[in-house]
Amino acid sequence: MSDSSKSNAMWGGRFAAGPDAIMEAINASIDFDKRMARQDIEGSRAHAAMLAEQGIISSSDADAIREGLLTVLSEIEAGDFPFSRALEDIHMNVEARLKELVGEPAGRLHTGRSRNDQVATDFKLWTRDQYDAALAGLDALIAALLDQAEAGADWIMPGFTHLQTAQPVTWGHHMMAYVEMFARDRSRFSDARARMNESPLGAAALAGTSFPIDRDMTARALGFDRPAANSLDAVSDRDFALEFLSCASICATHLSRFAEELVIWSSAQFRFVTLSDRFSTGSSIMPQKKNPDAAELVRAKVGRINGALVGLLTVMKGLPLAYSKDMQEDKEQVFDAADSLMLALAAMTGMVGDMAANTDALRAAASSGFSTATDLADWLVRELGMPFRDAHHVTGALVKLAEDKGCDLPDLTLAEMHSVHGAITEAVFDVLGVDNSVASRTSYGGTAPDQVRAQIARWRSGA
């Protein structure tokens with residue numbers, strides 16, 4: 001066997017051409033970075049216009065470049081563009097096609113910039129679009145939750161700790177908890193978007209350029225607030241991607257927590273909610289089953305998104321300034337995480353909009369498990385002047401009595417309560433019902449229906 005044949009056998013059938021094929025495969029990024037074609041062309045058009053404005057290239061060359069780039073974009077959007085792995089990435093693919101279309105002027109486009117600042121700009125533009133998409137997705141989800149909260153501001157349901165009945169709350173209060181949670185996600189995305197909105201374009205390879213470029217002009221044209229202030233940092237920075245993944249991971253965690261509740265609530269054992277057929281599937285063998293598959297898949301997405309964050313943090317942790325080829329590994333993880341997050345947000349918004357609460361089951365569950373025990377303890381403190389620790393002990397004894405009798409606290413007679421503490425009066429029954437319990441929780445942020453409606457009104461007014 002010849003050395004060449006031995007080499008081919010070692011590399012395997014996919015890389016029959018030997019080391020050259022291996023290098024092309026590991027070096028090329030066009031298979032995934034072609035997703036940034038629109039951003040790449042947008043950045044190049046801004047750069048060409050600036051070069052002409054500064055007298056670095058002629059207006060006629062700039063016009064040819066602009067028209068050629070529009071043709072390339074239309075070919076890509078129509079699916080007629082022949083992407084080439086041999087040209088490595090989206091930047092070289094676009095430039096090569098531009099040269100075919102307009103000839104010599106295409107060669108002037110790269111004046112005053114490098115692929116380093118070009119890719120940083122493209123990736124920032126693409127990621128900024130994902131920030132905007134996440135913000136829109138969260139707005140839609142929050143709106144769906146507000147609708148649910150408004151409809152059920154006074155529906156009684158159990159509140160849980162340790163997944164055990166703790167105190168009665170309202171459906172609206174529970175929905176508004178997720179409004180607050182997803183609003184924090186929205187704030188994180190918005191804050192990170194503002195911080196990342198600096199243009200790397202014009203930083204060139206790492207040191208800037210000797211051409212008299214106008215970085216403020218290109219920054220404005222691309223919707224950035226300002227040019228990045230340090231050329232080394234501009235081409236090295238991937239914080240914008242890391243922050244996107246960090247925000248996405250926290251948001252996906254919240255989506256997963258809510259999805260877990262929907263899985264539990266829609267089970268035959270709970271029957272708190274019914275998910276629509278649009279977001280459920282049947283079993284291939286058990287005809288009675290209605291599986292909350294959309295919720296389960298939303299719950300799973302956090303694994304992919306968290307993995308993307310850890311992956312990119314690991315890529316970046318040991319890189320010296322400025323650019324290293326390792327940074328080519330930044331995009332696939334962000335692309336996948338963005339896709340996963342947008343899908344999860346859309347699915348959760350659909351489920352929330354369609355789900356129907358079973359108010360009878362919610363009330364029955366809230367009325368069980370001694371959910372008004374805290375109300376009883378509070379009454380003992382408030383009405384009898386009892387120290388809370390003593391009230392806690394008396395309430396525990398009453399719970400034990402009710403448990404032994406197989407009833408709930410409101411079902412005990414006054415005489416039975418007197419067997420535990422003789423000072424209890426008939427007035428105690430005014431606080432033991434679940435409706436009385438939730439109505440009494442009037443502190444700011446509490447579960448009382450009036451408080452819930454006030455919070456809804458605050459959100460709807462944009463305050």
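The values are calculated or read from the model by the stated rules, or taken from the named source; none is laboratory data. Computed from a predicted structure; not experimentally measured. Positions of Cβ are backbone-derived with ideal geometry, glycine not excepted, and every protein chain shown enters the neighbour counts. Surface areas here come from the heavy atoms of the whole protein model, side chains and all, with no ligands, DNA or RNA. Shrake-Rupley method; radii C 1.70, N 1.55, O 1.52, S 1.80 Å.
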| query | Is the shape of the range 21-108 rounded, prolate or oblate, going by the alpha carbon gyration tensor and its root eigenvalues a ≥ b ≥ c, with a/c under 1.5 for rounded and a/b larger than b/c for prolate? | reply | prolate
| said: Leaving out ligands, DNA and RNA, and with a 1.4 Å probe, what % of the accessible surface on the chain is carbon or sulfur? | reply: 52
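I'd like to compare 304-317, 245-258: which one has the highest average count of other Cβ atoms within 10 Å, and what's the full order after that? Display every interim value, and only then the final one.
On the way: 304-317: 17.7, 245-258: 22.1.
So the order, starting with the most tightly packed, is 245-258, 304-317.
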| field | Cα principal axis extents for the range 86-189, largest first, Å | value | 74, 27, 24
| field | Peptides ranked, highest mean first, by Cβ atoms within 10 Å: ranges 415-421, 167-173 | value | 167-173, 415-421
| request: Using only Cα atoms, locate the centre of the range 18-88 and the centre of the range 306-332, then give the distance between them in Å, rounded to an integer. | output: 24
| remark: In whole angstrom, the spacing between the Cα centers of the range 146-194 and the range 420-459 equals 18
| field | Reciprocal mean inverse distance between Cα atoms of the chain - Kirkwood radius, Å | value | 26.7
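Given the convex hull of the Cα atoms of the range 133-233, what is a quarter of its surface area in nm²?
Details: hull surface 38.6 nm².
Across all orientations, the range 133-233 yields a mean hull projection of 9.6 nm².
Only Cα pairs under 8 Å and at least 6 apart count here; give the relative contact order of the chain as a rounded whole percent. It would help to have the intermediate numbers written out before the result.
Values: 656 pairs, mean separation 74.6, N = 463.
Averaging sequence separation for qualifying contacts and normalising by length gives 16 percent for the chain.
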| field | Other-chain or far-sequence residues with amide H under 5 Å of residue 166's (modelled H) | value | 159, 160, 161
| query | What distance in nm separates the simple spin-label points at residue 324 and residue 257, each placed 7 Å from Cα in the Cβ direction? | reply | 3.6
| query | Once you have the alpha carbon radius of gyration of the range 302-434, what is it after dividing by 2.2 N^0.38 Å, with N set to its residue count? | reply | 1.98
| remark: Taking max minus min of the Cα coordinates of the range 22-69 on each principal axis, largest first, gives extents in Å of 43, 19, 15
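Keeping every protein chain in place, order 331, 34, 301 by accessible area at 1.4 Å, biggest value first, i.e. largest first.
Details: 331 10, 34 85, 301 45 Å².
Final ranking, largest accessible area leading: 34, 301, 331.
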| remark: Where a ≥ b ≥ c are root eigenvalues of the Cα gyration tensor, a/c under 1.5 meaning rounded, otherwise prolate if a/b exceeds b/c and oblate otherwise, the range 222-315 counts as prolate
| query | What is the Cα coordinate range of the range 368-461 on the first, second and third principal axes, sorted by size from largest, in whole angstrom? | reply | 52, 29, 20
| said: At 1.4 Å probe size, what's the solvent-accessible area of residue 453? Round to the nearest 10 Å². | reply: 110
